[in-house]
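One structure is given here, and the rest of the page talks about it.
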Amino acid sequence: MNYSLELNTQEAGSNIVFNNIVLDAFKINIVERYSVKNGVNHKLCEVLFKVRTLDDQLIKKKDGNINMYLRGENLFKYQKLIKVFSSYHYRKKLINRKEVEHDFVHFILMFAVLNYDLIESIK
């Protein structure tokens, strides 16, 4: 499945960061909330994501809700994956960028497949 990754769409002075993964059949909007506005000591507090069709219709989870929150160990794994994108090695292309992006997309996609009614919504 083909995908495109749109990272760090952020308004100036905001403590919220938007990331998107656009796939062939749907897209995933990821919202990161930080404790401080773009400061040195900013800490990731919350990550939620929503799954939408390509024409921006929200897809509901299997339990009827729309948002999926990452908590606990999953939040820690997400934080490790997203931190690589701002690393020196990633920026200078010293590591395989496709592999890093692939790991990130598969991590998020796993939650989308497990929690959302994708087949019913995409038809």
inquiry  = Quick check: the angle from helix 73-84's long axis to the longest principal axis of the chain, C-alpha only, nearest 10 degrees?
reply    = 60 degrees
query = Dipole magnitude of region 48-123 about its Cα centre, charges +1 at Lys/Arg Cβ and -1 at Asp/Glu Cβ only, in debye to the nearest 20?
reply = 400 debye
note = Measuring from the longest principal axis of the C-alpha atoms of the chain, the long axis of helix 97-115 (C-alpha) lies at a number of degrees, nearest 10, equal to 40 degrees
Dipole-positive endmost among Ile30, Tyr90, Leu75 within the chain (Cβ charges, Cα centre) = Tyr90
Which labelled figure in [x] 33, 26, 22; [y] 43, 31, 28; [z] 56, 24, 22 is Cα extents along the principal axes in Å, once derived from the coordinates = [y]
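Readers should treat all values here as calculations from the given coordinates under stated rules, not as data from a laboratory. Predicted model only: the values in this text are computed from it and were never measured. Virtual Cβ from ideal backbone geometry, glycine too; neighbours counted across all protein chains shown.
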